[in-house]
Amino acid sequence: MYNKKAYALGSKRSIIREIFEYSKVRAQEIGTDKVYDFSLGNPSVEPPKEVTETIKNLISTNNQTLLHGYTSAQGDLAVRTVISQNINSRFALNLTPNNIYMTCGAAASLSICLKAVMNEGEECIVFSPFFTEYRVFVENAGGKLVVSNPNFDTLQIDLEDFNSKITENTKAVIINSPNNPSGVVYSEEIILKVCSILEQKQAEFGHDIYLISDEPYRELVYGDVKVPYLMNYYKNTMVCYSYSKSLSLPGERIGYIAVNPDMNNSSEVYLAVCGAGRSLGYVCAPSLFQKVIEKCINAKVNIDAYKQNRDIIYNALTEYGFDCVKPDGAFYLFVKSPDGDAYSMYEKAKKHEILLVPCDDFGIKGYVRIAYCVDKKRIENSLDAFMKLAKDYSL
């Protein structure tokens, strides 16, 4: 008999993927320009030119056998050296290549970190709203997901609620900032208090609690908003980074884990990361794109288009009467359903060919997510449909 848990995951797509597949069918029926699909967080900004040029140069000038061959299980040494040096220069730390583990993007990074530190039945706290796959990753590591509710006015972390959710079984905490699905960036003041609570709880319970920072959107921040680098605030921190958004390379699946060298038993934790990667089959991340990262470590996408899209859709929807928290980062807008029912809003929007993601599975009921990483024209063309949706609610 096959594994029933695996079957359950495979037989039901995430709600985001279901909507994305529907949008493709609907586009064939009525035309792409008439379907306003805001479901998938797929970057709409091209990769930096130096990334494209580096790929061309690598393919045309390198020994092809070496270029496409295996690297060390934890990643090419030269690549890990460049990444560790980059982190050190940006955040005043002292990482070495042996604090870096190359991965197939942030999903692999999270799965590996959780597998490395969690034992059967231990708990991992996540802050809602949270990326839906966290539950899958935690449960696959044998853990139990515990949800900490936010301040519903700001969607910042509710410190009192967080403190109440920590138990003797708490082994890990995941922070995702800028946040998917809300675009909220957790303030330095909040981060300082979260870390202080964790220090107190570690002392009280007499065991390490690991802070796992999920950072695919770190570089997508608007204005002068600061995104605290958590290793500077809490020793027992691991960073899960992905270049999917910062270089617009989501389909290439390249990222890394960084283990804080000042962590308790840092060397042992890093070896546990290596062992977890081995047990999950996540060894030797794509070698070509490891080399791309080595050459393009300081490259960034131009996020002006995302900011422009954010301003257009946020200003329009708030003018129409919708309740939204203005995002400081990422490329998502989190909108409260006027009747408190996310699926009802999804269905009403669908009648106007607007495809939104109902976010009950993200840990907060009654909200939808708009991924505004789309062509500007799609947003502009959708505004009449959003106005009709507002009228449906008598806003």
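The values are calculated or read from the model by the stated rules, or taken from the named source; none is laboratory data. Worth saying up front: this structure is predicted, and the values here are computed from it rather than measured. Positions of Cβ are backbone-derived with ideal geometry, glycine not excepted, and every protein chain shown enters the neighbour counts.
What the table shows:
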read-out	value
Single unsatisfied condition, residue 295 versus (1) within 19 Å of the chain's Cα centre (by Cα); (2) more than 30 Å from residue 161 (Cβ to Cβ); (3) surrounded by fewer than 18 Cβ atoms within 10 Å (Cβ to Cβ)	(1)
Long-range neighbours under 7 Å by Cβ, at least six apart or interchain, first residue modelled with pLDDT under 95 within the stretch 114-139, second among the aromatic types (Phe, Trp, Tyr)	132/362
Residues of the stretch 87-119 satisfying the condition of being within 14 Å of residue 253 (Cβ to Cβ), part of a helix (DSSP H, G or I) and in contact with a helix residue (DSSP H, G or I) (Cβ under 7 Å, 6 or more places away or on another chain)	107, 110, 111, 112
Residues of the stretch 364-378 classified as buried (at least 21 other Cβ atoms within 10 Å of the Cβ) and either modelled with pLDDT under 95 or not in a loop (DSSP other than H, G, I, E, B) (or both), total	6
Single unsatisfied condition, residue 40 versus (1) in the same structural domain as residue 108 (by TED's automatic domain parsing); (2) at pLDDT below 90; (3) touching a Phe, Trp or Tyr at 6+ places or on another chain (Cβ under 7 Å)	(1)
Members of the stretch 1-58 that are in a helix (DSSP H, G or I) and polar (S, T, N, Q)	11, 23, 28, 32, 52, 54, 57
Checklist (1) within 30 Å of residue 248 (Cβ to Cβ); (2) surrounded by fewer than 19 Cβ atoms within 10 Å (Cβ to Cβ); (3) aliphatic (A, V, I, L, M) applied to residue 211, failing item	(2)
Residue 329 in contact with a strand residue (DSSP E or B) (Cβ under 7 Å, 6 or more places away or on another chain) and closer than 30 Å to residue 79 by Cα	yes
Meets criteria (outside any loop (DSSP other than H, G, I, E, B) and assigned by TED's automatic domain parsing to the domain that holds residue 109) for residue 289	yes
Number of positions in the stretch 298-331 that are in a helix (DSSP H, G or I), surrounded by fewer than 17 Cβ atoms within 10 Å (Cβ to Cβ) and either at pLDDT below 95 or touching a helix residue (DSSP H, G or I) at 6+ places or on another chain (Cβ under 8 Å) (or both)	3
The stretch 86-97, residues that are within 22 Å of residue 295 (Cβ to Cβ) and either polar (S, T, N, Q) or surrounded by 14 or more Cβ atoms within 10 Å (Cβ to Cβ) (or both)	86, 87, 88, 89, 91, 95, 96, 97
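Residue-by-condition table, conditions (1) over 24 Å from residue 286 (Cα atoms); (2) among the polar types (S, T, N, Q); (3) touching a Cys at 6+ places or on another chain (Cβ under 6 Å):
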residue	(1), (2), (3)
172	yes, no, yes
180	yes, yes, no
207	yes, no, no
210	yes, no, no
234	yes, no, yes
242	no, yes, no
248	no, yes, no
253	no, no, yes
276	no, no, no
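Table: residues versus (1) touching a strand residue (DSSP E or B) at 6+ places or on another chain (Cβ under 8 Å); (2) surrounded by fewer than 21 Cβ atoms within 10 Å (Cβ to Cβ).
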position: 106; (1), (2): yes, no
position: 110; (1), (2): yes, no
position: 117; (1), (2): yes, no
position: 130; (1), (2): yes, no
position: 133; (1), (2): no, yes
position: 136; (1), (2): no, yes
position: 143; (1), (2): yes, no
position: 146; (1), (2): yes, yes
